[in-house]
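The values are calculated or read from the model by the stated rules, or taken from the named source; none is laboratory data. Computed from a prediction, not measured in an experiment: that's the story for all the values here. Glycine gets a Cβ as well: all are built from the backbone with ideal geometry, and neighbour counts include every protein chain shown.
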Amino acid sequence: MKIDNKDKQEIAATFFKRAVQILKNEEVEFDPKVVAELITKHFPDYRRILNELQRYSVSGKIDSGILVNMSAESFKDLVKLLKDKNFTEVRKWVAKNSDADTTSLFRELYDSASTHLAEGSIPQLVLTLADYQYKAAFVADHELNIMAALTEIMANCKFK
């Protein structure tokens with residue numbers, strides 16, 4: 001079912017009001033612009049939006065820090081660690097970057113696959129990323145899900 005743009009705006013606005021009400025009831029400080037951007041970014045995945053709000057509200061405040069994307073340098077470091085099959089350091093990278101958006105990370109791995117992977121490993125990468133991206137919508141611990149995906153990539157993909 002396709003939602004037309006007018007309905008999307010109305011549905012997103014209603015969800016924004018409800019999210020703001022929840023945050024106020026839970027006495028979480030928040031920047032309304034950040035909440036709106038988060039809703040826009042993940043619409044219509046309400047479960048994901050609520051999970052992200054809950055995850056970031058642990059600190060007691062939701063601000064622009066949750067929208068930070070990982071740097072190109074940080075991603076380059078990750079690729080090197082994956083290539084070296086350095087499980088311990090990959091685990092540290094994931095812990096340090098636990099605020100990284102799973103969708104963005106997986107998309108970056110997918111987009112850069114031909115640069116970093118042997119051609120025969122790209123189909124395996126695609127299957128692994130698709131599997132763990134689907135699982136990301138249901139998992140309680142996103143850090144663990146990312147680590148599982150990266151472990152499978154280390155085990156099953158050959159790097160250049």
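For this structure, a couple of remarks:
- So GLU52, is it under 30 Å from ALA12 (Cα atoms) and not in a loop (DSSP other than H, G, I, E, B): yes
- Residue in the stretch 129-137 that is closer than 15 Å to ALA155 by Cα, modelled with pLDDT of 90 or more and either polar (S, T, N, Q) or outside any helix (DSSP H, G or I) (or both) present: no
- Exactly one residue among ILE146, ILE66 is within 30 Å of GLU29 (Cβ to Cβ), in a helix (DSSP H, G or I), at pLDDT below 90 and not small (Gly, Ala, Ser), and that residue is ILE66.
- Verdict on SER112 being modelled with pLDDT under 95, on the phi < 0 side of the Ramachandran plot and in the same structural domain as LYS33 (by TED's automatic domain parsing): no
- All of LEU127, LEU144 fail the test of being surrounded by fewer than 13 Cβ atoms within 10 Å (Cβ to Cβ) and closer than 24 Å to ARG55 by Cβ, apart from LEU144.
- From the options LEU117, LEU82, residue that is at pLDDT 90 or above and within 17 Å of ILE146 (Cβ to Cβ): LEU82
- Selection status of THR40, assigned to a helix (DSSP H, G or I), under 28 Å from LYS160 (Cα atoms), without any contact (Cβ under 8 Å) to a residue 60 or more places away in the chain and among the β-branched types (Val, Ile, Thr): no
- Residue among ALA100, ALA137, ALA149 that alone is in contact (Cβ under 8 Å) with a residue 40 or more places away in the chain, among the small types (Gly, Ala, Ser) and in contact with a Leu (Cβ under 8 Å, 6 or more places away or on another chain): ALA149
- ALA113 being farther than 17 Å from ARG48 by Cβ and either free of Cβ contacts under 8 Å to residues at least 24 places away in the same chain or among the aliphatic types (A, V, I, L, M) (or both): yes
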